[in-house]
Protein chains: 2
Amino acid sequence: MTLTAPAPQPGSSAPGLGDLSIAEVAERLGISAHTLRYYEREGLLLRPVGRASSSHRRYTEADLTWLGFLTKLRLTAMPIARIKEYAELVRRDATGEDTEPERLALLRDHRTAVLAQLDQITQSLAAIDFKIASYEERNTPS
Amino acid sequence: MTLTAPAPQPGSSAPGLGDLSIAEVAERLGISAHTLRYYEREGLLLRPVGRASSSHRRYTEADLTWLGFLTKLRLTAMPIARIKEYAELVRRDATGEDTEPERLALLRDHRTAVLAQLDQITQSLAAIDFKIASYEERNTPS
DNA sequence: GTTTGACTTAGAGCGCACTCGAAGTTCTAT
DNA sequence: ATAGAACTTCGAGTGCGCTCTAAGTCAAAC
């Protein structure tokens, strides 16, 4: 485990020496290496992951940033297929096309869904709290 | 669809005339009739559902109350197996045994999980909002 | 009386998101 | 030099929570 990372110049896109192994990325993101390979296979990444001479994956900071955002989309229950669409838009953008309006729309839609999600969970939590309180009350005949 | 429900006396446990069909319950809870039967099969209900002379299910208010709580547990991602445990505790309680401490512990555990869930979602939402804001900014060159 | 439609059962099927297995290669440490 | 851990690919397997199908019953509407 090499911890001396010689600060890659920001904006570099080719894999360099400060890059991370799949296990390191997995740990940082709190997901498994299996899952990382799965996401890659499913076309969720923005560009091919770099490889070391040994053909082992080497993730750049940019990869990490995207994967971090991706996991936040997953944590808020965005389906894999939807994330894939988003990734495709980003890739199309890199070819000169302007897909920002679509990306913005997609994120706004998702935002709405997340707010609804939060609402449902919060309301359910209130019911659970109420039940807990009623149990506690009963066990505290004072 | 009979909407004139002659207010069942509260506390009644035997199926009566004001009871609801599976379709009515499904609609009220926002789940499918298929799902309701599935929950029943899985042993998530507190006692056998009443039947009309036609052998069609008739849900009491008490059934509805429990199913309402159960859907809130589901909405907060409690696994079916865990809900089943909880239901079993409630049923054991009805036999004279006191399972309240266990039920309280189970709900408290779940509450903790829900809070963590809310936290993760909220943090992810912040990242999504940040991204949305950065897109909007770029499209507003003033 | 016949049709329509909601209900019943038992069991199979499905979609999603991983998760694992096998067999082979490569890195790291001694 | 060699052992063991970590990586590679490809494809299959798993777990969860529904979701649907088929064949049949029953009640109400026309």
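Throughout, read-outs are computed from the coordinates displayed, never taken from laboratory work. Note that this is a predicted model, so its numbers are computed, not measured. Counting neighbours? That spans all protein chains shown, and the Cβs are built from the backbone with ideal geometry, glycine included.
Quick notes
- Within the set B:ALA33, B:ALA26, the sole residue that is in contact with a Leu (Cβ under 7 Å, 6 or more places away or on another chain) and without any contact (Cβ under 8 Å) to a residue 24 or more places away in the chain turns out to be B:ALA26.
- For B:SER134, the conditions (1) under 27 Å from B:LEU36 (Cα atoms); (2) within 11 Å of chain A (Cβ to nearest Cβ); (3) of a type in the set (Gly, Ala, Ser) are fulfilled apart from (1).
- Single residue of region A:114-142 satisfying the filter (among the small types (Gly, Ala, Ser) and loosely packed, with under 14 Cβ neighbours inside 10 Å) that is farthest from B:ALA116 (Cα to Cα): A:SER142
- Any hit, region A:57-70, residues being assigned to a helix (DSSP H, G or I), under 15 Å from the mean Cα position of the chain (by Cα) and farther than 21 Å from B:ILE128 by Cβ: no
- Whichever residue in region A:42-77 is free of Cβ contacts under 8 Å to residues at least 40 places away in the same chain and near DNA strand C (Cβ under 8 Å from one of its atoms) and, among such residues, is nearest to the other protein chains (Cβ to nearest Cβ): A:ARG74
- Scan of region A:43-72 for residues that are surrounded by fewer than 14 Cβ atoms within 10 Å (Cβ to Cβ) and within 11 Å of DNA strand D (Cβ to nearest atom), ordered by number: A:PRO48, A:ARG51, A:ALA52, A:SER54, A:SER55, A:HIS56
- Only listed residue being closer than 19 Å to B:PRO48 by Cα and within 14 Å of chain A (Cβ to nearest Cβ), chosen from B:ALA87, B:ALA116, B:ALA105: B:ALA87
- A:ARG37 within 8 Å of DNA strand D (Cβ to nearest atom) and in contact with a Gly (Cβ under 9 Å, 6 or more places away or on another chain): no
- As a summary of the residue check, A:ILE80 satisfies the conditions (1) in contact with a helix residue (DSSP H, G or I) (Cβ under 7 Å, 6 or more places away or on another chain); (2) of a type outside the set (Lys, Arg); (3) surrounded by fewer than 17 Cβ atoms within 10 Å (Cβ to Cβ); (4) in contact (Cβ under 8 Å) with a residue 24 or more places away in the chain except for the one numbered (1).
- Within region A:33-44, being assigned to a loop (DSSP other than H, G, I, E, B) and closer than 12 Å to A:THR71 by Cα holds for one residue alone: A:LEU44.
- The residues on offer are B:LEU20, B:LEU89, and the sole one that is touching a helix residue (DSSP H, G or I) at 6+ places or on another chain (Cβ under 6 Å) and more than 9 Å from DNA strand D (Cβ to nearest atom) is B:LEU89.
- Enumeration of residues in region B:78-117 that are among the acidic types (Asp, Glu) and outside any helix (DSSP H, G or I): B:GLU97, B:ASP98
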